[in-house]
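Asks: Here it is: the structure, laid out below.
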Amino acid sequence: GRTGVIDGWTAALWRYPRRFPVALARLTGSVAALSAVTNNTPLVALLMPVVRTWGRRLGHPPSRLLLPLSFATILGGLLTVIGTSTNLVASGVLVSQGQRPFGFFELTWVGLPVALAGLAVLVLLGPRLLPIRPDPLAELRLSQREYLVEMALDPDSPLVGRSVAEGGLRHLHGVYLAEIKRSDHVVAPVAPETRLRAADRLVFAGVVTDLDDLRAIPGLHPVLHGADETILNGEARTHAVEVVVALGSPLVGRTVADSQFRRHYDAAVLAVHRAGERLHGKIGEVELRPGDLLLLLSPSDHWCSNGSFHVLQRHELTTRQPRRAGWIVIVLLTMVGLTAFAGVPLTSAAFAALTLLALTGCITARQIRQSVEWRVLVLIACALGIGQAVESSGVARLAAGGLLDAARPLGPRALLIAVYLLTAVLTEILTHSAVPPLMLPLTAALAIHLGIDPRPLAVVVTIAASASFLSPMGYQTNLMVYGPGGYRLGDYLRLGLPLTAVCLIVTVLVVPLVWPL
């Protein structure tokens, strides 16, 4: 993102086709290819603003594009072992069971036909099944998100005693004065002749990009809702950041005030947006949910995705370095080549790639530290222990026996279907990365009962755990697009069910051809 690689890549591939199916094909195909060698979550976070702008120029709301963006990254993640954290977790569990890890392109044999079939479903059925809804991120209530931003009026402000019209607050660019909060009552709607008083709190409805205009008004400062209401004002440069609350975030179920937001995250909440609608009332009392969109104000410009948030957009970005974009491509291709064809371990190749990027100035040591997915590393470590516990406790053998008894009369393909369906259901309940540690010991026990190679069953589990399309909770990227796209649960089922069915059919047909049962 900092070097402009993504901008140049999207500009060259997407352009502006007139027909929506063509636009959908260009978007999903290119994103799937890129997600094969990049992490899905930051890729969606990086591309979401680009896709929103692209869609606006084409005349398509985000509800027509963001869900395909998420689904395409999931499909692309099936192509290589580094395409998604699920593949890495599954590979680690295999090692703990005494099996060899997945090769870099080993999953491609089944992942490629599954991805191609899934992309065909998106292009053919997407135009009919994707909803058409107003853009919740609409500029001026049509093409960018509206927020409620509360500003406090200083007692010595030149606006005190003047009417709203006289103070120049009647015809602001991109925002309007929605209400005035006073100690004894609320003034709404606000008439042009309403006189402003000291200690008034003015609530503006507007968009992120107009915050600087409000801050430039003399005697007004933003009310920041966090652990306290300390005013982030003065000489320090601040940054507006849009984030979505992650599934499993420690903020879920807590109010903004109770979470001591300012102290823990060095940022303050200006506004909250949920499922395509802005939230009214005092922000400090809002109980946060997964998928909520928060507008934050922070003195730091080094925000990155973590366990609490997925960052959607920064409004104070670091300078791009287009001259170093070539280094990114060269280093990435070299890493893939060394791992896939020269037998270099993935960890060694990745470490060498990071070192080269740091030496060439494409990335700093601080950005490397911030980009480390600590949750994934911890998850892989825990997965190994969980897998061994499931296997040694006898749970895997017991569950395998029951599944085998149910599927034995129907043949080996029925067994693959049963394994896929069970994995898919667990994925929607437990999330994709948590399922392989539970399912792989079970499939290993199944293979022992049947006297077959456990590899094909492991591949089915890995594909089914990654291919999560039925709800926003099964995969991080599905949750990330939930709010910005204004989606509902039914939207995921409407497009996700045929997509899941096609992925299941292709997987069950292809796996026995590559890994005979």
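Asks: Report, by residue number, each residue of the range 256-302 that is among the hydroxyl-bearing types (Ser, Thr, Tyr) and modelled with pLDDT of 75 or more.
Replies: SER259, TYR265
Asks: A follow-up question, please. Does ALA434 satisfy the criteria of being over 20 Å from the mean Cα position of the chain (by Cα), open to solvent by 10 Å² or more (accessible area, probe 1.4 Å) and in contact (Cβ under 8 Å) with a residue 12 or more places away in the chain?
Replies: no
Asks: Separate question: Open to solvent by less than 30 Å² (accessible area, probe 1.4 Å), closer than 17 Å to GLY485 by Cα and at pLDDT 85 or above: which single residue out of THR73, THR80 fits that description?
Replies: Numbers: THR80 fails: closer than 17 Å to GLY485 by Cα.
Testing whether each residue is open to solvent by less than 30 Å² (accessible area, probe 1.4 Å), closer than 17 Å to GLY485 by Cα and at pLDDT 85 or above leaves just THR73.
Asks: Can you find a residue that is under 24 Å from ARG494 (Cβ atoms), open to solvent by 40 Å² or more (accessible area, probe 1.4 Å) and at pLDDT below 90 anywhere in the range 10-21?
Replies: Yes, there is a match, as at least one residue in the range 10-21 is under 24 Å from ARG494 (Cβ atoms), open to solvent by 40 Å² or more (accessible area, probe 1.4 Å) and at pLDDT below 90.
Asks: Quickly run through the range 420-447 and pick out the residues that are of a type in the set (Ser, Thr, Tyr) and farther than 15 Å from VAL459 by Cβ.
Replies: Within the range 420-447, THR427, THR431, SER433 qualify.
Asks: Report the residue count in the range 65-96 for those that are within 20 Å of VAL460 (Cβ to Cβ) and touching a Pro at 6+ places or on another chain (Cβ under 8 Å).
Replies: Selection size over the range 65-96: 9.
Asks: Take the range 174-184 and flag every residue that is in contact with a strand residue (DSSP E or B) (Cβ under 9 Å, 6 or more places away or on another chain), part of a loop (DSSP other than H, G, I, E, B) and either touching a residue at least 40 places away in the same chain (Cβ under 8 Å) or closer than 17 Å to ALA198 by Cα (or both). If you could, list the steps in order and put the result at the bottom.
Replies: At the first step, the residues of the range 174-184 found to be in contact with a strand residue (DSSP E or B) (Cβ under 9 Å, 6 or more places away or on another chain) are 174-182.
Within this subset, residues satisfying the condition of being part of a loop (DSSP other than H, G, I, E, B) are 174-175, 182.
The answer is ARG182, and nothing else.
Asks: Select, from GLU229, GLU166, the only residue that is in a loop (DSSP other than H, G, I, E, B), on the phi < 0 side of the Ramachandran plot, modelled with pLDDT of 85 or more and surrounded by fewer than 19 Cβ atoms within 10 Å (Cβ to Cβ).
Replies: GLU166
Asks: Sticking with this structure for a sec: Would a scan of the range 23-30 turn up a residue that is more than 13 Å from ASP135 (Cα to Cα) and under 17 Å from the mean Cα position of the chain (by Cα)?
Replies: yes
Asks: Considering only the range 486-494, I want to know if a residue exists there that is without any contact (Cβ under 8 Å) to a residue 60 or more places away in the chain and over 20 Å from the mean Cα position of the chain (by Cα). Full working, then the answer.
Replies: Let us first name the residues in the range 486-494 that are without any contact (Cβ under 8 Å) to a residue 60 or more places away in the chain, namely 489-490, 493.
From what's left, over 20 Å from the mean Cα position of the chain (by Cα): none.
Looking for residues that are without any contact (Cβ under 8 Å) to a residue 60 or more places away in the chain and over 20 Å from the mean Cα position of the chain (by Cα), one finds none in the range 486-494, hence no.
Asks: Checking the condition touching a strand residue (DSSP E or B) at 6+ places or on another chain (Cβ under 8 Å) and open to solvent by less than 20 Å² (accessible area, probe 1.4 Å), which residue from THR41, THR28, THR86 passes?
Replies: Sole residue among the options that is touching a strand residue (DSSP E or B) at 6+ places or on another chain (Cβ under 8 Å) and open to solvent by less than 20 Å² (accessible area, probe 1.4 Å): THR41.
Asks: Given PRO131, PRO62, which one is within 29 Å of GLY486 (Cβ to Cβ) and surrounded by fewer than 24 Cβ atoms within 10 Å (Cβ to Cβ)?
Replies: Result: PRO131 is the single residue among PRO131, PRO62 that is within 29 Å of GLY486 (Cβ to Cβ) and surrounded by fewer than 24 Cβ atoms within 10 Å (Cβ to Cβ).
Asks: For residues that are at pLDDT below 85, crowded, with 19+ Cβ neighbours inside 10 Å and within 23 Å of LEU446 (Cβ to Cβ), tally how many sit in the range 466-517.
Replies: 0
Asks: Which residue is nearest to SER249 (Cα to Cα), if the candidates are limited to the range 410-431 and must be over 29 Å from the mean Cα position of the chain (by Cα) and crowded, with 23+ Cβ neighbours inside 10 Å?
Replies: Across the range 410-431, the extreme among qualifying residues is LEU416.
Asks: Any residue in the range 100-110 that is open to solvent by less than 10 Å² (accessible area, probe 1.4 Å), touching a helix residue (DSSP H, G or I) at 6+ places or on another chain (Cβ under 7 Å), part of a helix (DSSP H, G or I) and closer than 30 Å to ARG26 by Cβ? Quick ask: steps written out before the conclusion?
Replies: Applying the first criterion (open to solvent by less than 10 Å² (accessible area, probe 1.4 Å)) to the range 100-110 yields 107, 110.
Now restrict to residues that are touching a helix residue (DSSP H, G or I) at 6+ places or on another chain (Cβ under 7 Å): 107, 110.
With part of a helix (DSSP H, G or I) added as a condition, the list becomes 110.
From what's left, closer than 30 Å to ARG26 by Cβ: 110.
Scanning the range 100-110, I find at least one residue that is open to solvent by less than 10 Å² (accessible area, probe 1.4 Å), touching a helix residue (DSSP H, G or I) at 6+ places or on another chain (Cβ under 7 Å), part of a helix (DSSP H, G or I) and closer than 30 Å to ARG26 by Cβ, so the answer is yes.
Asks: Next question, about the same structure. Within the range 39-81, track down each residue that is over 28 Å from THR507 (Cβ atoms) and outside any helix (DSSP H, G or I).
Replies: Residues satisfying the conditions are GLY59, HIS60, PRO61.
Asks: Would it be correct to say that PRO49 is out of contact with any helix residue (DSSP H, G or I) (no Cβ under 9 Å at 6 or more places or on another chain) and surrounded by fewer than 24 Cβ atoms within 10 Å (Cβ to Cβ)?
Replies: Here the answer is yes, as PRO49 does meet what is asked.
Asks: Need pairs with beta-carbon distance below 6 Å; first residue more than 10 Å from ASP200 (Cβ to Cβ) and in contact (Cβ under 8 Å) with a residue 24 or more places away in the chain and within the range 154-173, second open to solvent by less than 90 Å² (accessible area, probe 1.4 Å) and among the polar types (S, T, N, Q); sequence gap 6+ or separate chains.
Replies: So the pair list comes out as VAL164/THR194.
Asks: Scan THR462, THR507, THR500, THR443 and give me the residue that is farther than 30 Å from LEU47 by Cα, assigned to a helix (DSSP H, G or I) and more than 17 Å from the chain's Cα centre (by Cα).
Replies: THR443
The values are calculated or read from the model by the stated rules, or taken from the named source; none is laboratory data. Computed from a predicted model, the values in this text were never measured in an experiment. We place every Cβ from the backbone using ideal geometry, glycine too, and count neighbours over all the protein chains shown. Surface accessibility is based on the protein's heavy atoms, side chains included, excluding ligands, DNA and RNA. Shrake-Rupley method; radii C 1.70, N 1.55, O 1.52, S 1.80 Å.
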